[in-house]
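Participant: I'd like to ask some things about the structure below.
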Amino acid sequence: MSGRLSVTGEFFCDYELILPASEIQNEKNELFILLHGYEQNKDYMLKKVAPWLPQHAHVLIPNAPFPLPKRENDHFTLNFAWYFFDTLKQQYFYAHKQAANYLKQVIQQLKLLHLPATIIGFSQGGYLAPFLGLEIKSCQRIISLNAELREFLLPERLAFNLDCVCGKDDTIVNPYMAKSAHDKLIQRGNHGTFYLVDGAGHGLGANMQAALAKIINS
């Protein structure tokens, strides 16, 4: 007999938390949550995105809940996934909800739920970002990077602004399909902007970083 049960268990979350510079921490309290892509870890967003964020903000950069260890000759590297989707069967093994709940608990334990939040997600983290936004009442803005949003799984109206940024030369995520999905959300009365970045593929290179810096400060 085969089956599947929902079992309450314990996850461990390794994270980076950047606190506001002491001399400006009372100027404006806000939270940025950075979500890495599939088969990555927190270090990617720490290096590629965190330096572009305002110094007055709290910045939370967590690892995803599902580990993906890989043997590299004489050692293992440990990366992570937010969820698992079978592209052949077009079904989820583990869907967004587990990861969104996991992250909400992390934010709650760190006593950051009260801060106005911007969620920035790359690739798989970009897909997840609006689902986390639904779990956090203080979420004001989503910035999805190199991801095609699952607009058909989201509510008709969203309480937060939703921007989508894609590299024009992305060969992993079709930027024009990503724009179509974003357009459907806007047509439903939601707010946000789609940005197509020249000279950028599927990654956070110099052109994507420059575009993101402008968007964050807009």
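Participant: How about segment 54-69: which of its residues are surrounded by 11 or more Cβ atoms within 10 Å (Cβ to Cβ) and part of a strand (DSSP E or B)?
Facilitator: Answer for segment 54-69, where residues must be surrounded by 11 or more Cβ atoms within 10 Å (Cβ to Cβ) and part of a strand (DSSP E or B): HIS58, VAL59, LEU60, ILE61, PRO62, PHE66, PRO67, LEU68.
Participant: Identify all residues within segment 81-117 that are part of a strand (DSSP E or B), out of contact with any Leu (no Cβ under 7 Å at 6 or more places or on another chain) and over 26 Å from LEU5 (Cα atoms); write none if there are none.
Facilitator: Matches in segment 81-117: none.
Participant: Among residues belonging to segment 70-100 that are loosely packed, with under 15 Cβ neighbours inside 10 Å, farther than 23 Å from GLY203 by Cα and touching a residue at least 24 places away in the same chain (Cβ under 8 Å), point out the one that is nearest to the chain's Cα centre (by Cα).
Facilitator: Ranking the candidates gives LYS97 first.
Participant: Let me ask something else. I'm trying to understand the selection: among the residues of segment 104-119, which are in contact (Cβ under 8 Å) with a residue 60 or more places away in the chain and under 13 Å from PHE32 (Cα atoms)?
Facilitator: ILE107, LEU112, LEU115, PRO116, ALA117, THR118, ILE119
Participant: Check segment 120-130 and report whether any residue there is within 14 Å of the chain's Cα centre (by Cα), in a loop (DSSP other than H, G, I, E, B) and surrounded by 18 or more Cβ atoms within 10 Å (Cβ to Cβ).
Facilitator: Yes: segment 120-130 contains one or more residues that are within 14 Å of the chain's Cα centre (by Cα), in a loop (DSSP other than H, G, I, E, B) and surrounded by 18 or more Cβ atoms within 10 Å (Cβ to Cβ).
Participant: Determine whether TYR83 is under 21 Å from ASN146 (Cα atoms) and of a type in the set (Phe, Trp, Tyr).
Facilitator: yes
Participant: Here is a list: LEU149, LEU153, LEU162. Which entry is touching a strand residue (DSSP E or B) at 6+ places or on another chain (Cβ under 9 Å), of a type outside the set (Phe, Trp, Tyr) and at pLDDT below 95?
Facilitator: The unique qualifying residue is LEU149.
Participant: Checking the condition within 18 Å of the chain's Cα centre (by Cα) and farther than 28 Å from GLN108 by Cα, which residue from ILE172, ILE215, ILE136, ILE143 passes?
Facilitator: Among ILE172, ILE215, ILE136, ILE143, only ILE172 is within 18 Å of the chain's Cα centre (by Cα) and farther than 28 Å from GLN108 by Cα.
Participant: Read through the list (1) touching a helix residue (DSSP H, G or I) at 6+ places or on another chain (Cβ under 7 Å); (2) closer than 24 Å to CYS13 by Cβ; (3) among the aliphatic types (A, V, I, L, M); (4) surrounded by fewer than 22 Cβ atoms within 10 Å (Cβ to Cβ), then give the number of the only condition that LEU154 fails.
Facilitator: That leaves (2) as the condition not met.
Participant: Filter segment 29-47 down to the residues that are charged (D, E, K, R) and touching a His at 6+ places or on another chain (Cβ under 9 Å), then identify the one that is modelled with the lowest pLDDT.
Facilitator: GLU30
Participant: Look through segment 131-148, keep the residues that are among the charged types (D, E, K, R) and not in a strand (DSSP E or B), and return whichever of them is nearest to LYS184 (Cα to Cα).
Facilitator: Looking at the filtered set, the residue picked out is GLU148.
Participant: Please find, among LEU68, LEU103, LEU110, the residue that is touching a strand residue (DSSP E or B) at 6+ places or on another chain (Cβ under 8 Å) and at pLDDT below 95.
Facilitator: Sole residue among the options that is touching a strand residue (DSSP E or B) at 6+ places or on another chain (Cβ under 8 Å) and at pLDDT below 95: LEU68.
Participant: Could you identify the single residue in LEU53, LEU60 that is touching a residue at least 40 places away in the same chain (Cβ under 8 Å) and touching a Leu at 6+ places or on another chain (Cβ under 7 Å)?
Facilitator: So the residue among LEU53, LEU60 that is touching a residue at least 40 places away in the same chain (Cβ under 8 Å) and touching a Leu at 6+ places or on another chain (Cβ under 7 Å) is LEU60.
Participant: Of everything in segment 185-212 that's touching a Leu at 6+ places or on another chain (Cβ under 9 Å) and in a helix (DSSP H, G or I), which residue is surrounded by the most Cβ atoms within 10 Å (Cβ to Cβ)?
Facilitator: Looking at residues that are touching a Leu at 6+ places or on another chain (Cβ under 9 Å) and in a helix (DSSP H, G or I), I get MET208.
Participant: If you don't mind, another one. Find the residue count for segment 7-28, including only residues that are within 24 Å of GLN109 (Cβ to Cβ) and modelled with pLDDT under 70.
Facilitator: Selection size over segment 7-28: 4.
The values are calculated or read from the model by the stated rules, or taken from the named source; none is laboratory data. As the structure is a prediction and not an experimental result, all values here were calculated from the model. Note: ideal-geometry Cβ built from the backbone for every residue, glycine included; neighbour counts use all protein chains shown.
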